[in-house]
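Q: Just dropping this structure here.
Bear in mind that the values in this text are calculations on the coordinates, not laboratory data. Values in this document were obtained by computation on a predicted structure and should not be read as measured data. Cβ coordinates were reconstructed from backbone atoms using ideal geometry, including for glycine residues, and neighbour counts include every protein chain displayed.
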Amino acid sequence: MTKMQKLVAFIPNMFTLGNLLCGCIGIIFAFQGKPEWSFFMILLAAFHDFFDGFFARILKVSGELGKQLDSLADGVSFGVLPAIMMFLFVEHQFDFLGYYCMYDSYKQAGERLSEGSNAQCGFSYDPNQFN
């Protein structure tokens, strides 16, 4: 296999790495509180995922590395990233709906407490809070 053939055979893997990169950047955006950018990264990852398979079929390239790399990239971009986004969304909704923890008579929504602290956690609901 010549050097040019090896380079051409790596084109689908470059798109797969783009898919993986989009998933990782989307996770960073999710933890920074930018869900719209995380969603954009999922769409961009889908674009890369489509074209890695497209070019692999066009170029008639197949290999174990490409298969494993594609599985990893898909797992991160379409499994881990959406799961993190849903977790952060639900966590935000608990804060919005009135989840609270009281510590020494001080109430703060979503307060993180250390283990063994004297705290009471629960829900409060105010129907006037919703439009």
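Q: Count charges around Asn19 for me, please; just the other residues with Cβ under 9 Å from its Cβ, Lys/Arg as +1, Asp/Glu as -1.
A: -4
Q: Restricting to Cα atoms and excluding each atom paired with itself, what does the Kirkwood estimate give for the stretch 22-73 in Å?
A: Hydrodynamic radius (Kirkwood, Cα only) of the stretch 22-73 equals 12.0 Å.
Q: Tell me, what HN-Hα J-couplings in whole Hz come from the Karplus equation 6.51 cos²θ - 1.76 cosθ + 1.60 at θ = phi - 60° for each residue of the stretch 49-59, using x for Gly and Pro?
A: Each residue of the stretch 49-59 in turn: 5, 5, 6, 5, x, 4, 5, 5, 6, 4, 8 Hz.
Q: May I ask you to compute the full-extension gain from His92 to Leu59, defined as 0.36 nm times their residue separation minus their alpha-carbon distance, rounded to one decimal in nm?
A: Value of the extension gain: 7.3 nm.
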